[in-house]
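First the structure, in the form of structure tokens, and then the observations on it.
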Amino acid sequence: MSHAVPNLESVVWEIADEIAQRKDRGEVASYIPELACVDVNSFGIVVIDADGHVAAAGDSETPFSIQSISKVFTLTLALGKVGDRLWRVVGREPSGSPFNSIVQLERERGIPRNPFINAGAIVVTDQILSGHQPREALGEILRFMQFLTNDPSIAIDEHVAASEQRTGFRNLALTNYMKSFGVIENPVDFTLGVYFHHCAIAMSCRQLAAAGRFLAHLGRNPATGHSVVQPERARRINSVMLMCGHYDGSGEFAYRVGLPGKSGVGGGILAIAPGKASIAVWSPGLDANGNSHLGRVALEALTKRMGWSIFGA
Ligand code: GLN
């Protein structure tokens, strides 16, 4: 008996319908006050396959705060700038701790476990900033997002950036603490200013899925033909996403979804099906680890129905 290849478009529509019925929507992030204003019932999904075919459903064109998903792109930029020297100031091991944890830093002398927990992402931002003014570094990050998506309209939500700047005491503590070990090169307020602003980039699922395509296709964006990174680097970024992209929920995400992925507290997840697709989902309600609850549920259904887990069916 032969199995029909599932139709991507109908799978995506089915999933959006199923998600719309769910009552267990999680909690929107409230520690960044501006994010608490987002409607918990929003849901978007976009899948761009290897041929550039786009399957979309729900609020797929609504921009949301990408938050920690920006850390995939700052990692890519920092590796381009300083190469493997980056690994002197940040590790690449799963942390098993919450995204904003401070405890490990003391034992590990100010070197964060990986580039996706807040401390690690702040170090990565600091590396991009060195030798530049904050405005230039931020411009570089934003232009990178516009280049990847071929969309100059992508912008920073200044309200979200200001909201986090006013309330980001824990990130301030983390950065001061790392500065005391000599891990942070620039003034703390400069590094954090750039960090808060790149977390506040607003993008839709469609834009985010477009931005992730180079990771699904050996470092090359099939839409533009641009080689963004070497295949080896794309592979390595994917592996850091798989191991660390969901903080202390990374094991659960790998178990259920089986793809490299990166979440943000805005409720977005970027997931990469190597060779097959770049996927963005958005559902603002979070689970206890600060990852999108229904975003993960939607991705689990997608990989199961399409047979896309990197671990096989
Ligand atoms: N800007 C957020 C913070 O630093 C990002 C956290 C996240 O998305 N997990 O707390």
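Out of the stretch 228-271, which residues are among the aliphatic types (A, V, I, L, M) and touching a strand residue (DSSP E or B) at 6+ places or on another chain (Cβ under 6 Å)?
Once the filter is applied, which keeps residues that are among the aliphatic types (A, V, I, L, M) and touching a strand residue (DSSP E or B) at 6+ places or on another chain (Cβ under 6 Å), the stretch 228-271 yields Met241, Leu259, Ile269, Leu270, Ala271.
Would the stretch 78-95 turn up any residue that is modelled with pLDDT under 95 and surrounded by fewer than 24 Cβ atoms within 10 Å (Cβ to Cβ)?
Checked the stretch 78-95: at least one residue is modelled with pLDDT under 95 and surrounded by fewer than 24 Cβ atoms within 10 Å (Cβ to Cβ).
Table: residues versus (1) more than 16 Å from the ligand (Cβ to nearest atom); (2) more than 22 Å from Ser263 (Cβ to Cβ).
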| residue | (1), (2) |
| --- | --- |
| Val89 | yes, yes |
| Gly110 | yes, yes |
| Ile154 | yes, no |
| Ala161 | no, no |
| Met178 | no, yes |
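Determine whether Gly275 is in the same structural domain as Ile32 (by TED's automatic domain parsing), away from the ligand (no atom under 13 Å from the Cβ), among the small types (Gly, Ala, Ser) and on the phi > 0 side of the Ramachandran plot.
When the stated conditions are applied, Gly275 passes them.
Results for (1) in the same structural domain as Val183 (by TED's automatic domain parsing); (2) under 17 Å from Ile279 (Cβ atoms), shown as yes or no for each residue.
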{"position": "Glu14", "(1), (2)": "no, yes"}
{"position": "Asp17", "(1), (2)": "no, no"}
{"position": "Glu27", "(1), (2)": "no, no"}
{"position": "Tyr31", "(1), (2)": "no, no"}
{"position": "Val40", "(1), (2)": "no, no"}
{"position": "Lys81", "(1), (2)": "yes, no"}
{"position": "Leu105", "(1), (2)": "yes, no"}
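Please list, ordered by residue number, the helices (runs of 4 or more DSSP H) wholly in the stretch 195-313 having 3 or more residues that are surrounded by fewer than 20 Cβ atoms within 10 Å (Cβ to Cβ).
231-244, 250-256, 293-306
Could you list, in sequence order, all residues of the stretch 275-294 that are among the small types (Gly, Ala, Ser) and closer than 25 Å to Leu218 by Cα?
Within the stretch 275-294, Gly275, Ala277, Ser278, Ala280 qualify.
Within the stretch 245-261, is there a residue that is away from the ligand (no atom under 16 Å from the Cβ), among the small types (Gly, Ala, Ser) and more than 18 Å from Asp49 (Cα to Cα)?
yes
So which of Ala36, Ala57 is assigned to a strand (DSSP E or B) and either at pLDDT 95 or above or away from the ligand (no atom under 16 Å from the Cβ) (or both)?
Numbers: Ala36 fails: assigned to a strand (DSSP E or B).
Every option except Ala57 fails the conditions.
In the set Gly96, Gly120, Gly91, which member is in a helix (DSSP H, G or I), under 16 Å from Met243 (Cβ atoms) and within 18 Å of the chain's Cα centre (by Cα)?
It is Gly120.
Report yes if Phe64 is in contact (Cβ under 8 Å) with a residue 40 or more places away in the chain, within 14 Å of the ligand (Cβ to nearest atom) and buried (at least 23 other Cβ atoms within 10 Å of the Cβ), otherwise no.
Taking the combined requirement at face value, the residue satisfies it.
Which residues, taken from the stretch 96-108, are of a type in the set (A, V, I, L, M), surrounded by fewer than 17 Cβ atoms within 10 Å (Cβ to Cβ) and away from the ligand (no atom under 13 Å from the Cβ)?
From the stretch 96-108, those of a type in the set (A, V, I, L, M) are 102-103, 105; that's our starting set.
After this cut, where a residue has to be surrounded by fewer than 17 Cβ atoms within 10 Å (Cβ to Cβ) as well, the list is 102-103.
Selection gives Val103 alone.
If we scan the stretch 186-200, do we find a residue that is at pLDDT 95 or above and farther than 29 Å from Arg109 by Cβ?
Yes - at least one qualifying residue is present in the stretch 186-200.
Output the residues belonging to the stretch 45-64 that are more than 18 Å from the chain's Cα centre (by Cα) and of a type in the set (Asp, Glu).
Filtering the stretch 45-64 for residues more than 18 Å from the chain's Cα centre (by Cα) gives 49-59.
Correct list: Asp49, Asp51, Asp59.
The values are calculated or read from the model by the stated rules, or taken from the named source; none is laboratory data. Because the structure is predicted, anything quoted here is derived from the model rather than measured. We place every Cβ from the backbone using ideal geometry, glycine too, and count neighbours over all the protein chains shown.
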